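Worksheet for the structure shown next.
Read the figures in this text as sums done on the coordinates, not as results from a lab. Since we're looking at a predicted model, the values are computed, not measured. Here the Cβ positions follow ideal geometry from the backbone for every residue, glycine too, while neighbour counts run over all protein chains shown.
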Amino acid sequence: MSALFARVVAHRLFWPVVMLLVLFLINLIAFPGFFTVTIRDGHLFGSLIDILRNGAPTLIIAIGMTLVIATRGIDLSVGAVCAISGAVACSIILGSSEPGSLSTVAVAVAVALLIALVLGVWNGFLVAVVGVQPIIATLILMTAGRGIAMLITEGQILTVNSPPFKFLGSGFWLGVPIAVLIAAVVFAVAALVTRRTALGMFIESVGINPEASRQAGVRARGLLVVVYTFSAFCAAIAGLILTANTAAADANNTGLFIELDAILAVVIGGTSLAGGRYSLVGTLVGALVIQTLVTTVYTVGIPPIATMVFKAAVVTAVCLLQSPTTAEALRGFRERLAVRAGKGIAAS
Amino acid sequence: MTKLLDAPQQPKLPVRPSMPPARRLGATIRNLMTSPKYGPVIVTAVLFIAVFVIGGVRYRGFFSGQVFLNLLVDNSYLIVLAVGMTFVILTGGIDLSVGAVVALSGMIAASLLQTGWSPSVVIPLLLVLTSVLGLLVGLMIHVFKVQPFIATLAAMFLARGLCYMVSQSSISITDPVFVSLAQTRIPLGGNLSITPSVIIALIVVAIAVWVLHSTRFGRTVYAIGAGEQSGLLMGLPVARTKVLVYVISGFCSGLAGVLFTFYTLSGYPLTAIGTELDAIAAVVIGGTLLTGGYGFVLGSVLGVLVLGVIQTIITFEGTLSSWWTRIFIGALLLVFIILQKVLTARRR
């Protein structure tokens, strides 16, 4: 029994899951109907659905980020890529004669995704071929990217009136929000492609030692380019969802700080920034923790301005709980308990 | 030349005395340019002069002492920030919280001054507060082995959140001491003048140069960046130094916040968003390696001046929109990183 308990506590998803459950509990106390999911107008409706829907963009970006971090990299440019893809899509829809037609939206989305692929290849090229540190390589696009998005929107907020585009952000299919479905598809694809093939292992090996992997026959360069491209692709999808949700492209504020949320989700999920090991399920839990946190702030009635302080507290708590120092202290504590229990038996 | 060779700290230049003087000079220059220590700083200095000369040729009234001094006046807070960031980056860390801490110290200063506190109490209090925040971050990084990226991210959320809790709107400062410090111009003769902030920033730079190059602490900072393990084996106080650099960065952020309020005479929770990126960009352009171990405070000051001169040129050009600044900074970062790569790769 205690062995099982020790194994559960030692699992790297233990503290994140506990954190999520605690947040759920706080919500349940503050708002007893928290877990109820009802069907209204054929749509699923409830707090949990809201969490999933609002958390979808962060989750999608965090999935791409997980793979990047697994290669011992980081992608700071995702927020800027979000803004660029939203700006591109909106400017194409605005420029067309039929903003409401399905084909216009399809072209807009396709072009936005294509541009994101180019941006991703650029990041990957800098990291893998030129050999720039990932944090700097993506810092370039992070700094310049919002400027580029401003250039596309000419410094204005582009508002579009296009039902098919709006559907992408706030539509439902079989009662489930489209954003959640997209996130689920991205998650499933990432999980299947990296875990059912050797790709995930290659990514981890590049994260542990790029040179050794190259000598073992792993094409580290190509792999890095693919990973950064995937990350930018994920960012573009999230950017389109965010833009479609408000039906407006705001070059300054679309996806602002989302790179930080995504990195936090990955770290809370137990993926080390040192690379070499990753957990997509962990990232899912991490993204849910962050979104639930934001929801909790609203349901409990903490003023929304305190959200960031609250977020800082949770991040700090999770990081400290996951730290090796804490694990060691806990182990020492358990051992002392065991010794004391043993003495008790001997005395009786 | 022989004097240079005799100095113990200089790298041994492979210059044979039998070489003809012209070739020897060429070899020395090539060695300096391609050394990871001096090369990037020299390139930055050359680029700064080149940009300044180009500006002088293109625009009437650009080539004046006051334009140069205004670079210092407008960027004195950024210089202080970059100094703190240099310490952190030299150890191989990073501090994302500086922008939020600048905003926080501005907010606290504004609100305390509004309630009638004396500036002679407020300013020391701020510096102590931000240093303590830096200390906490440093302890989190060192004791709990949290990655600097994540720990300072949490500090950034905390500081930004606290800003909103102090006030959600702008607070103007009417305190006579602050107003006089903001408006005083110190004449340098010949229509040239600077502000007290510039003097404070230059004092900080001078102290930082002295600490990094003439004290045991400074040498330990470089040693940690070059290899933490080796530093430990040499018996250097790695733990203390690693925590202290974050305290220094916190202190510099607080001071930069005070200088920033001299500049704007108000506190606003949304100020200085993205300033941490400017500071990091300045440090990188100034030739400090993000992995630590190489770099100079004066390089970072040059980096700030380069960023400033670009902004000045965009102002002089008049027709360029403000978002071009970000694109230029991104492009400049790129050029620098490639240059650093090429220069250091050619050295065999």
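Given a 10 angstrom Cα cut-off, can you work out which residue in B:K37, B:K145, B:K242 is the most mobile in a GNM of chain B?
Fluctuation is largest for B:K145.
Would you please calculate the Kirkwood hydrodynamic radius of the range A:85-151 over all C-alpha pairs and express it in Å, rounded to one decimal?
Details: mean 1/r = 0.0759 Å⁻¹.
Kirkwood hydrodynamic radius for the range A:85-151: 13.2 Å.
After finding the eigenvalues of the alpha carbon gyration tensor for the range A:211-348, what semi-axes result from the square roots of 5 times each, listed largest first in whole Å? Walk me through the numbers on the way to the answer.
On the way: eigenvalues 296, 152, 21 Å².
Semi-axes, largest first: 38, 28, 10 Å.
What is the mean number of Cβ atoms from other protein chains located within 10 Å of the Cβ atom of each residue in peptide A:246-258, rounded to a whole number? If you can, show how the numbers build up before the last one.
Numbers: counts 0, 0, 0, 0, 0, 1, 2, 0, 0, 0, 2, 5, 0.
That works out to 1 on average.
If eta is 1.306 mPa s and T is 10 °C, what Stokes-Einstein diffusion coefficient results for chain B, Kirkwood Rh from Cα pairs, in µm²/s? Working shown, then result.
On the way: Rh = 21.3 Å.
Answer, rounded: 74 µm²/s.
Which residue, B:V53, B:V238, B:V132, tops the fluctuation ranking in a GNM of chain B built on C-alpha contacts under 10 Å?
Result for chain B, Cα springs under 10 Å: B:V53 fluctuates most.
Which angle from 0 to 90°, rounded to the nearest 10, does the C-alpha axis of helix B:196-214 make with the longest principal axis of chain B?
40 degrees
If you fit an axis through the alpha-carbon atoms of helix B:323-346 and take the longest principal axis of the Cα set of chain B, what angle between them do you get, 0 to 90°, nearest 10?
Computed tilt is about 30 degrees.
Would you mind telling me which residue in B:R160, B:R60, B:R216 has the biggest mean-square fluctuation in a Gaussian network model of chain B, where springs connect alpha carbons within a distance under 10 angstrom?
The residue that fluctuates most here is B:R60.
Could you give the distance between the Cα centres of the range B:95-140 and the range A:212-286, to the whole Å?
When both Cα centres are located, 34 Å separates them.
What per residue convex hull volume, in Å³, comes out for the range A:55-192 when only alpha-carbon positions are used?
Numbers: hull volume 16.3 nm³, N = 138.
Residue-normalised Cα hull volume stands at 118 Å³.
Given C-alpha coordinates of the range A:1-105, what is the ratio Rg to Rh with the Kirkwood estimate of Rh? Spell out each step's value before the answer.
Details: Rg = 20.7 Å, Rh = 18.3 Å.
Here the Rg-to-Rh quotient is 1.13.
Label 7 Å along Cα→Cβ of A:V129; the range A:228-258 residues with amide nitrogen under 15 Å?
Label zone hits: A:228-229.
Compute the distance from the alpha-carbon center of the range B:223-281 to that of the range A:71-140, in whole Å.
32 Å
Per-residue Cβ counts within 10 Å, from other chains only, averaged over A:307-317: what number is that?
On the way: counts 3, 11, 9, 3, 6, 11, 4, 2, 8, 11, 1.
If you average over the peptide's residues, the count of other-chain Cβ atoms is 6.
Just the Cα atoms of the range A:276-321: what Rg and Dmax do they give in Å?
For the range A:276-321, the Cα-based Rg and Dmax read 12.2, 40 Å.
Determine the shape class of the range A:28-68: with a ≥ b ≥ c the square roots of the Cα gyration tensor eigenvalues, call it rounded for a/c under 1.5, and otherwise prolate if a/b is greater than b/c, oblate otherwise.
Values: a/c = 4.90, a/b = 1.91, b/c = 2.56.
The shape class here is oblate.
Can you give the Kirkwood hydrodynamic radius of chain A from its Cα pairs, in Å with one decimal? Write out the running numbers ahead of the final one.
On the way: mean 1/r = 0.0464 Å⁻¹.
So the Kirkwood estimate lands at 21.6 Å.
So how strong a dipole does the range A:224-345 carry about its Cα centre when Lys and Arg Cβ are +1 and Asp and Glu Cβ are -1, to the nearest 20 debye? All intermediate terms of the calculation are to be shown ahead of the outcome.
Details: 7 positive and 5 negative charges, 154 e Å.
Charge dipole of the range A:224-345: 740 debye, to the nearest 20.
Would you list the membrane-span-like helices of chain A, meaning whole DSSP H runs whose alpha-carbon atoms span at least 18 Å along their axis and whose mean Kyte-Doolittle value is at least -0.5?
Numbers: long enough: A:14-30 (24 Å, 2.58); A:47-70 (32 Å, 1.57); A:78-95 (25 Å, 2.18); A:102-124 (33 Å, 2.22); A:134-153 (28 Å, 1.70); A:178-195 (25 Å, 2.56); A:220-246 (39 Å, 1.58); A:280-300 (29 Å, 1.79); A:307-322 (22 Å, 1.76); A:324-347 (34 Å, -0.13).
Those that pass (Cα extent of 18 Å or more, hydropathy at least -0.5) are A:14-30, A:47-70, A:78-95, A:102-124, A:134-153, A:178-195, A:220-246, A:280-300, A:307-322, A:324-347.
Note the count of lysine pairs whose C-alpha atoms are less than 20 angstrom apart in chain B, limited to pairs 8 or more residues apart or on different chains.
Going through chain B pair by pair, I get 5.
Give me the three principal axis extents of the range A:6-50 from the C-alpha atoms, as integers in angstrom, largest value leading.
Taking the Cα atoms of the range A:6-50, the three principal extents are 46, 22, 13 Å.
When the C-alpha atoms of the range B:167-293 are aligned to their principal axes, what extent does each axis show, in angstrom, from largest down?
Dimensions of the range B:167-293 along the principal axes of its Cα atoms: 54, 43, 26 Å.
For the Cα atoms of chain B, what angle does the longest principal axis make with the long axis of helix B:238-264, in degrees from 0 to 90, nearest 10?
The angle comes out at about 60 degrees.
I need the Debye-formula profile for the range B:161-209: one equal scatterer per C-alpha, no solvent, reported as log10 I(q)/I(0) at q = 0.26 1/Å, two decimals.
Debye curve over Cα of the range B:161-209, log10 I(q)/I(0) at q = 0.26 Å⁻¹: -0.93.
Over 14 Å, how big is the tail of the calculated P(r) for the range B:219-261, in percent of all Cα pairs? All intermediate terms of the calculation are to be shown ahead of the outcome.
On the way: 474 of 903 pairs.
Value for the range B:219-261 (Cα pairs over 14 Å): 52 percent.
Among rounded, prolate and oblate, which fits the range A:130-192 when a ≥ b ≥ c are the square roots of the eigenvalues of its C-alpha gyration tensor, a/c under 1.5 means rounded, and a/b larger than b/c means prolate?
On the way: a/c = 4.88, a/b = 1.30, b/c = 3.76.
Oblate shape, in that a/c is at least 1.5 and b/c is the bigger or equal ratio.
Across peptide A:320-328, what mean number of C-beta atoms from other chains lies inside 10 Å of a residue's C-beta?
3
Would you list, by chain and number, the aspartates and glutamates whose Cα falls below 17 Å from the Cα of A:K311, excluding same-chain residues fewer than 8 positions away?
Leaving aside aspartates and glutamates fewer than 8 places away in the same chain, those within reach of A:K311 are A:E259, A:D261.
Order by neighbour count: A:V206, A:V68, fewest other Cβ atoms within 10 Å first, most last. Show your work: numbers first, answer last.
Numbers: A:V206 27, A:V68 31.
The fewest-first ordering by Cβ neighbours comes to A:V206, A:V68.
Taking only the alpha carbons of the protein assembly as shown, what extent do you get along each of the three principal axes, in Å, biggest first?
Over the protein assembly as shown, Cα extents along the principal axes are 85, 81, 66 Å.
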